[in-house]
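Peer 1: My questions all concern the structure below.
The values are calculated or read from the model by the stated rules, or taken from the named source; none is laboratory data. Note that this is a predicted model, so its numbers are computed, not measured. So basically every Cβ, Gly included, is an ideal-geometry build from the backbone, and we count neighbours across all protein chains shown. These accessible areas exclude ligands, DNA and RNA; they are computed on the full protein's heavy atoms, side chains included. Shrake-Rupley method; radii C 1.70, N 1.55, O 1.52, S 1.80 Å.
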Amino acid sequence: MYGVSGWVSHVAEHLRLHGLQGAIQRFLYDQLNPDAEIPGDRVDLRVCPLFQGKIHVFHSATATFCVPSDQSGVEGMCHEIIHATPSWQGGPPRYDCVYVAKGGVETEGFRSLLVGRVHLFFSCVHAGHCYSCALLDWFVPVADEPNELTGMWIVVPEVDNNGQHVQSVVSLDSVVWGVHLIGVYGGEFIPVDLHFSESLDAFKAYYVNMYIDHHANMLVF
């Protein structure tokens with residue numbers, strides 16, 4: 001679904017994504033310097049490519065993938081829609097979570113993946129090349145192993161020294177498919193007026209749901 005487009009500074013102001021322009025510049029640094037010793041998220045922003053151009057925003061993206069164990073599709077092919085929209089079906093916002101492939105690692109399962117929450121799907125052009133991207137808030141595991149009681153990994157939002165969510169831009173090519181997170185509830189009752197759209201903001205930690213479907217189980221575990 002197509003959304004607002006325009007100069008990156010205007011889009012960032014309109015959507016209140018004040019770190020968007022810098023995140024794009026760091027992404028471009030990584031794309032143009034794949035063998036750099038210092039990655040884009042750590043390098044001085046002043047050495048990153050300057051980007052002040054236009055971006056085209058989309059409110060959803062479709063992930064298509066092969067799941068040979070799922071015999072309901074054609075040769076195991078499946079697809080799902082991932083949403084990042086300020087209003088879903090005329091109601092509250094919806095910003096889905098995704099698995100992102102780490103790349104450059106030899107491990108399998110969850111250790112080869114990252115978990116992020118999509119805040120923006122967009123494309124941009126730099127130096128004649130079009131990039132399809134996603135702006136993500138990151139989640140990080142709380143331990144090196146799954147939770148012993150549930151068998152599920154637990155993740156928490158990654159925040160900086162100021163308590164703000166750590167965000168970065170990734171290529172859509174690195175997005176695997178959607179991930180379902182379940183709040184770690186603790187010992188207190190959940191407020192009866194908690195809306196489902198607030199579930200990814202209401203808890204301090206989340207289970208990575210291995211039971212949501214068969215191919216999620218095969219991918220992560």
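Peer 1: Ordering ILE82, ILE38 from largest to smallest accessible area (1.4 angstrom probe), what's the sequence?
Peer 2: Result, largest first: ILE38, ILE82.
Peer 1: Let me ask something additional. Apply the Kirkwood formula to region 142-202: the hydrodynamic radius equals the inverse of the mean of 1/r over all pairs of different alpha-carbon atoms; give it in Å with one decimal.
Peer 2: When all Cα pairs of region 142-202 are included, the Kirkwood radius is 14.7 Å.
Peer 1: Quick one: Debye curve from the alpha-carbon atoms of region 182-221 only, equal weights, vacuum; give me log10 I(q)/I(0) at q = 0.18, 0.22, 0.25 Å⁻¹ to two decimals.
Peer 2: Evaluating at q = 0.18, 0.22, 0.25 Å⁻¹ gives log10 I(q)/I(0) of -0.62, -0.78, -0.87.
Peer 1: Quick one: Debye curve from the alpha-carbon atoms of region 69-186 only, equal weights, vacuum; give me log10 I(q)/I(0) at q = 0.11, 0.13, 0.16, 0.22 Å⁻¹ to two decimals.
Peer 2: Log10 of I(q)/I(0), two decimals: -0.47, -0.65, -0.96, -1.41.
Peer 1: Which longest uninterrupted range of the chain lacks any GluC sites (Glu not before Pro) assigned by DSSP to a loop state (not H, G, I, E or B) and surrounded by at most 12 other Cβ atoms within 10 Å?
Peer 2: The longest uninterrupted stretch comes out as 38-105.
Peer 1: Now, a different point. Which value in nm describes the separation of the simple spin-label points at LEU194 and TYR211, placed 7 Å from the Cα toward the beta carbon?
Peer 2: 1.7 nm
Peer 1: In percent, what relative contact order does the chain have, based on Cα pairs under 8 Å that are 6 or more apart in sequence?
Peer 2: Relative CO of the chain lands at 18 percent.
Peer 1: Can I ask one more? Starting from the 7 Å offset along Cα-to-Cβ, what nm value, one decimal, do you get for the label separation of GLU108 and PHE65?
Peer 2: Calculated label separation equals 1.5 nm.
Peer 1: Related question: Points 7 angstrom from Cα along the Cβ direction at ASN162 and VAL140: gap in nanometres?
Peer 2: Taking the two extended label points, one gets 1.8 nm.
Peer 1: By the scheme Lys and Arg +1, Asp and Glu -1, what is the net charge of all other residues having a beta-carbon under 15 Å from that of VAL175?
Peer 2: Summing Lys/Arg as +1 and Asp/Glu as -1 gives -2.
Peer 1: Taking all protein chains together and a probe of 1.4 Å, list TYR185, TYR99 from the most accessible to the least accessible.
Peer 2: TYR185, TYR99
Peer 1: Within 10 Å, at most 10 other Cβ atoms, and a DSSP state outside H, G, I, E, B define an exposed site. Report the longest part of the chain free of exposed trypsin sites (Lys or Arg not before Pro).
Peer 2: 43-203
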